[in-house]
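What follows is a set of notes on a single structure, which appears directly below.
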Amino acid sequence: MTSDREPLVAVRDLEKYYYEQDTLVDRLLGKEPRSVKAVDGVSFDIHEGETLGLVGESGCGKSTTGETLLRLREATGGSVTFDGEAVFELDGDRLDAFRRRAQIVFQDPFSSLDPRMTVGDIVAEPLVIHDLPDDPGEKRTREWRRDRARELLERVGLSASQLDRYPHEFSGGQRQRIGIARALALDPEFVVLDEPVSALDVSVQAQVLNLLADLQAEFGLTYLFIAHDLSVVRHLCDRVAVMYLGNVVELGPTDEIFTAPEHPYTEALLESVPRASVAEHGREVDALAGDVPSPRNPPSGCRFRTRCPAVIPPSDLPIDQPTYRAVMDLRDALERGDLDAETVWDRLDAASSDEAAFTEHVRETYFEEASLSGADARVVDDALAALARGDRAEAVGTLRDRFESVCETDRPERVGETHATACHLYDDGTVARERPEPRPDGGPGTN
């Protein structure tokens, strides 16, 4: 798993957008298409024989990334190279050859199997689609496919006598094993595992994970393992890529990611994992501020800036982090339209026109645990006075002129070689904080 070799899979600036208001009727009505940026510039390598974990919150684009790089969804932009070939340029026989070498195990073992087909037919279906084996004779071909299905079922821990049963006759763990057997039917080299154990009980998870590890060792498989269970990722993966809102924000060896995370989002993700240690009893986890932004209108610059507990203030602004975070939350609420003058006046008194009361009410809401003073306080008061008069644009502009952060103006690039982080805290020439020390508990999944 060294960078000296060419990667088996190389993903560069992968994009997958979905468009709304893009029908003929919408165009006739003059509506502008709007994009939902499910995957927005993802890059990583996967070397032969390794397992790369792709983790992040639900909705961050993990599954879409896996399906798009296999061309189960057509990409909007970027490139994917598999064993030196440009995947998005393949067609005809070359595309069929790629599909034989790259397979997927879907997340839901209940909806990914056709209930009208027997297990034997499901496992043998890839052989039918690719017209294998290359052997004339219908009877001989049919028998070979059934023998291959029996062999695969036994290899994943099921009985060959179950070949003619239907999916509803199996448990969730058994169905997932059937999905794995189907993925192995064509002897692939690369398999995308899309949360293959998330729907299973813990004891069954362990069985399936051990099976995947055994199959990798036996057949030399390369995995992209998509998951949100960090303890599972640590058990199985060689390296980890952390996704947030369509971007990979941190990428590195598994042990380094878990013991010395660099990106604030990765830190928050690891901190939220329950731990079994008695010493951790009663530990309180500080939740991230705000909600995950919509991929329809992602934040400018760093995607994580609207929730980041370490957002960077302007270099000439002496302000503590809690206060700056409160200012940024106020700005974000104004820009999204979540805070408007009419609502605040209604809360106070519909007949009141006291701007001082208006300003005080908003300050108490957003700065309850933060302290504003001096010029910072005057700028915030000026912005709130503009909002009280109904001029939200002036309020936003006043706050932006004083408090604009590099996190919102510039999109961070991943910095680092074996352990890379897309965060302005680690930009060249930026000394915003020291690199974190390894965690004494070794991170989640070790207790």
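The values are calculated or read from the model by the stated rules, or taken from the named source; none is laboratory data. Here the structure is a predicted model, which means the values were calculated and not measured. With ideal geometry, Cβ positions are generated from the backbone for all residues, glycine too; neighbour counts draw on all protein chains shown. We work out accessible area using only protein heavy atoms, side chains counted, and drop any ligands, DNA or RNA first. Shrake-Rupley method; radii C 1.70, N 1.55, O 1.52, S 1.80 Å.
Details
- Among the residues listed as ARG116, ARG165, ARG150, the single one being part of a helix (DSSP H, G or I), open to solvent by 70 Å² or more (accessible area, probe 1.4 Å) and not acidic (Asp, Glu): ARG150
- Pairs with Cβ under 6 Å, 6+ apart, first in the stretch 394-413 and without any contact (Cβ under 8 Å) to a residue 40 or more places away in the chain, second part of a helix (DSSP H, G or I) and open to solvent by 20 Å² or more (accessible area, probe 1.4 Å): THR398/ASP382
- Test result for SER203, over 30 Å from ILE46 (Cα atoms), of a type in the set (Gly, Ala, Ser) and open to solvent by 70 Å² or more (accessible area, probe 1.4 Å): no
- Counting the residues of the stretch 64-79 that are crowded, with 21+ Cβ neighbours inside 10 Å and either at pLDDT below 95 or of a type in the set (Asp, Glu) (or both) gives 0.
- Positions within the stretch 1-58 being open to solvent by 70 Å² or more (accessible area, probe 1.4 Å) and within 22 Å of the chain's Cα centre (by Cα), in sequence order: ARG12, ASP13, TYR18, TYR19, ARG34, SER58
- Filtered by the rule that a residue be in contact with an Asp or Glu (Cβ under 6 Å, 6 or more places away or on another chain) and either open to solvent by 30 Å² or more (accessible area, probe 1.4 Å) or aromatic (Phe, Trp, Tyr) (or both), the stretch 300-314 gives a lone residue, SER300.
- Boolean, VAL285 is assigned to a loop (DSSP other than H, G, I, E, B), modelled with pLDDT under 85 and either surrounded by 22 or more Cβ atoms within 10 Å (Cβ to Cβ) or not hydroxyl-bearing (Ser, Thr, Tyr) (or both): yes
- Exactly one residue among THR418, THR430, THR446 is at pLDDT 90 or above and either within 24 Å of VAL249 (Cα to Cα) or not in a helix (DSSP H, G or I) (or both), and that residue is THR418.
- For the stretch 379-390, the tally of residues that are open to solvent by 60 Å² or more (accessible area, probe 1.4 Å) and at pLDDT 90 or above stands at 1.
- Among the residues of the stretch 80-106, those identified as open to solvent by 20 Å² or more (accessible area, probe 1.4 Å) and without any contact (Cβ under 8 Å) to a residue 24 or more places away in the chain are GLU85, ALA86, PHE88, GLU89, ASP91, GLY92, ASP93, ARG94, ALA97.
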